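Q: So that we are looking at the same thing, I have put the structure below in structure tokens.
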Amino acid sequence: MNPGGLPLLSDIRSFALDDGPGIRTTVFMKGCPLACLWCHNPETVSSEPEMSFNLRVCIACGDCLRACRHDAIDLELDGRIRRERCTACGDCAEICPTLAIKRIGIALSPDQLAERILLDKPFYDTSGGGVTFSGGEPTLYMDYLTAVIKILKRQNISIAIQTSGFFDLAEFESKLLENLDWIYFDLKLFDAAKHRRYTGVDNAGILSNFRELAKRHPERIIARVPLIPGITTPGDNLASIAGFVRRAGCDRRELLSYFAGGVEKRRLLGKTVPKSLASLRLQPKADARCRVEFDNSFSRRSNPTKIQCATPTVERRRASIHSNI
Ligand code: SF4
Ligand code: SF4
């Protein structure tokens, strides 16, 4: 949250095809209570503004050095920014001619955000799309979202949310639920100790929230399982989650192929990349095996009607790394 009291956004991406039905605009909000080892949007974990630097497009002009009032630029450093001195004021990003330095995190009022989203309305109208709030964890900002959604619903815009499920259910139901058309609910690890180890939080509340929402609103909830090699992909985890989703009465589920783009984003943010993360790979055969295993576990009682592959194209994801609001 910035001093103006508004949540920060890391990106607003038009023409998203993987974030719900039709062509959507995805709004990425900064701030997340989880700290998943594999997070592919590490720029959304902190709710504070952050600076990214991309050496590949830096022409070493020195404009940033002259703009910085905090002595936080060192052209001798590969990463340019002396992070311990940087206040993320963004002065250097304003002046950088190649966008090698960027400030991540802008604040828009609910009116401003709704206005931006509505620019894409013609695409929603022709494709059955809408807006998807993602992150980070958008439910950290329920009052803000409620204000934005209220404006959008006047124009009959479809609203989806992508959530870790780590929220207060009573607040979610009283503030947000009424206007949500789709709830994309992440389920990562069924084992409580492993969930704590890899995400930093307990999963009891997440599982309970999923169970309740699936019971009360089965038509709106979609379980999403990220396939993280060696972490979420072991057969016992997939079988446990598939059985849980099935017993909860949720028919809709998606398995998300592993995407290593978070590693590069961490580097741009000046964050260390754990060795265990840098080496993660999920081969196409292993990805396919996971899908079959999940399907088999899920369909032990019901017909497997809808496992959607949400594998993004490399190009689309790359674009998202460097896109601007
Ligand atoms: S202003 Fe941009 S291009 Fe110039 S040295 Fe700084 S980061 Fe590199
Ligand atoms: S964000 Fe501000 S403090 Fe940080 S390097 Fe740029 S100009 Fe300096």
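The values are calculated or read from the model by the stated rules, or taken from the named source; none is laboratory data. Everything quoted here is computed from the prediction, not taken from an experiment. Every residue, glycine as well, gets a Cβ built from its backbone with ideal geometry; the counts of neighbours run over all protein chains shown.
Q: Considering only helices (runs of 4 or more DSSP H) fully contained in the stretch 192-276, which possess at least 3 residues that are farther than 30 Å from Phe53 by Cα and touching a residue at least 12 places away in the same chain (Cβ under 8 Å)?
A: Details: elements: 192-199, 204-216, 235-248, 261-268.
So the answer is 204-216, 235-248.
Q: Confirm whether Asp78 is more than 16 Å from the chain's Cα centre (by Cα), within 28 Å of Tyr258 (Cβ to Cβ), surrounded by fewer than 23 Cβ atoms within 10 Å (Cβ to Cβ) and among the acidic types (Asp, Glu). Steps first, answer last, please.
A: Details: more than 16 Å from the chain's Cα centre (by Cα): yes; within 28 Å of Tyr258 (Cβ to Cβ): yes; surrounded by fewer than 23 Cβ atoms within 10 Å (Cβ to Cβ): yes; among the acidic types (Asp, Glu): yes.
So Asp78 passes the test.
Residues are listed down the side, and each one gets a yes or a no for (1) within 16 Å of ligand 1 (Cβ to nearest atom); (2) at pLDDT below 95; (3) part of a loop (DSSP other than H, G, I, E, B); (4) β-branched (Val, Ile, Thr):
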residue	(1), (2), (3), (4)
Asp78	yes, yes, yes, no
Cys89	yes, no, yes, no
Ala93	yes, no, no, no
Arg103	yes, no, no, no
Ala114	no, no, no, no
Thr126	no, no, no, yes
Tyr141	no, no, no, no
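Q: Answer yes or no as to whether Leu152 is within 19 Å of Gly4 (Cα to Cα) and surrounded by 18 or more Cβ atoms within 10 Å (Cβ to Cβ).
A: No: the conditions fail for Leu152.
Q: Could you identify the single residue in Ser276, Ser257, Ser240 that is hydroxyl-bearing (Ser, Thr, Tyr), touching a Ser or Thr at 6+ places or on another chain (Cβ under 9 Å) and closer than 26 Å to Ala204 by Cβ?
A: Working: Ser276 fails: touching a Ser or Thr at 6+ places or on another chain (Cβ under 9 Å); Ser257 fails: closer than 26 Å to Ala204 by Cβ.
After applying the criteria, what remains is Ser240.
Q: Which residues, taken from the stretch 20-76, are in contact (Cβ under 8 Å) with a residue 24 or more places away in the chain, within 16 Å of ligand 2 (Cβ to nearest atom) and among the polar types (S, T, N, Q)?
A: If the condition is that a residue be in contact (Cβ under 8 Å) with a residue 24 or more places away in the chain, within 16 Å of ligand 2 (Cβ to nearest atom) and among the polar types (S, T, N, Q), then Ser52, Asn54 are the ones that fit.
Q: What are the residue pairs meeting all of these: first residue in the stretch 147-159, first residue part of a loop (DSSP other than H, G, I, E, B), second residue aliphatic (A, V, I, L, M), Cβ atoms under 7 Å, and 6 or more apart or on different chains?
A: The qualifying pairs are Gln155/Leu118; Ile157/Val131.
Q: Here is a follow-up. For the stretch 87-96, what are the residues that are near ligand 2 (Cβ under 8 Å from one of its atoms) and either out of contact with any strand residue (DSSP E or B) (no Cβ under 6 Å at 6 or more places or on another chain) or of a type in the set (Asp, Glu) (or both)?
A: To start, the set of residues in the stretch 87-96 that are near ligand 2 (Cβ under 8 Å from one of its atoms) comprises 87-93.
If the condition is that a residue be near ligand 2 (Cβ under 8 Å from one of its atoms) and either out of contact with any strand residue (DSSP E or B) (no Cβ under 6 Å at 6 or more places or on another chain) or of a type in the set (Asp, Glu) (or both), then Thr87, Cys89, Asp91 are the ones that fit.
Q: Against the condition assigned by TED's automatic domain parsing to the domain that holds Pro33, surrounded by fewer than 22 Cβ atoms within 10 Å (Cβ to Cβ) and of a type in the set (Gly, Ala, Ser), how does Ser164 come out, does it pass? Break it down stepwise before answering.
A: Working: assigned by TED's automatic domain parsing to the domain that holds Pro33: yes; surrounded by fewer than 22 Cβ atoms within 10 Å (Cβ to Cβ): no; of a type in the set (Gly, Ala, Ser): yes.
In short, no.
Q: Now, a different point. Only one of (1) modelled with pLDDT under 95; (2) surrounded by fewer than 16 Cβ atoms within 10 Å (Cβ to Cβ) fails for Cys39. Which number is that?
A: Failing condition for Cys39: (2).
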